[in-house]
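I have placed the structure first, in the form of structure tokens, so that the comments after it can refer back to it.
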Amino acid sequence: MTTTAGRRRPFIIATCTALVLAALGDAGPEIIESRSVLTGYDGPGPLIYLGFAAVVALVRWRYIPLAAVVMSLFFLFGGLADADFRTRLGTPAETTEFLAAWLQMLGFAAAILFGIAAVRRRTPVAIRQ
């Protein structure tokens, strides 16, 4: 029989992976343009996403994935509230920025869904005879 933590583990891994993809989407265009990780850094966003991914992966508390959900909701709302970012999502003038923006938003959306799935309480299914 599988433990509850064992059933939640794939969702925790998926949440962390989604946050890593969001970090790549956020920092990717700047790093590609500057051809350097150090000079391409434009803000703390990607480090925040990776920090939350590390906390979710390492802390063994049932509700810790909700921290990633809340953080993802804030950044998703903030991105959609910014007119420049909405333009990047809607007009693929610069292919790298367009794809990176969508990768970031989809990463946040996936982190929200997988984070909620990781904490959702599942009741055992009754065996029908």
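7 Å from Cα along Cα→Cβ at both residue 119 and residue 84: what's the point-to-point distance in nm?
3.3
For segment 82-94, just list the computed ³J(HN,Hα) in residue order, Karplus coefficients 6.51, -1.76 and 1.60, θ = phi - 60°, integers in Hz, with x standing in for Gly and Pro.
Ordered by residue, 3J(HN,Hα) equals 7, 5, 5, 5, 4, 5, 4, 6, x, 10, x, 5, 10 Hz.
Rounded to the nearest 10 Å², what accessible area does residue 72 have for a 1.4 Å probe in the complete protein model?
Here the residue's solvent-accessible area equals roughly 0 Å².
The values are calculated or read from the model by the stated rules, or taken from the named source; none is laboratory data. What you see is a predicted model, and the numbers here were worked out from it, not measured in a lab. We place every Cβ from the backbone using ideal geometry, glycine too, and count neighbours over all the protein chains shown. Only protein heavy atoms, including side chains, enter the accessible area calculation; ligands, DNA and RNA are left aside. Shrake-Rupley method; radii C 1.70, N 1.55, O 1.52, S 1.80 Å.
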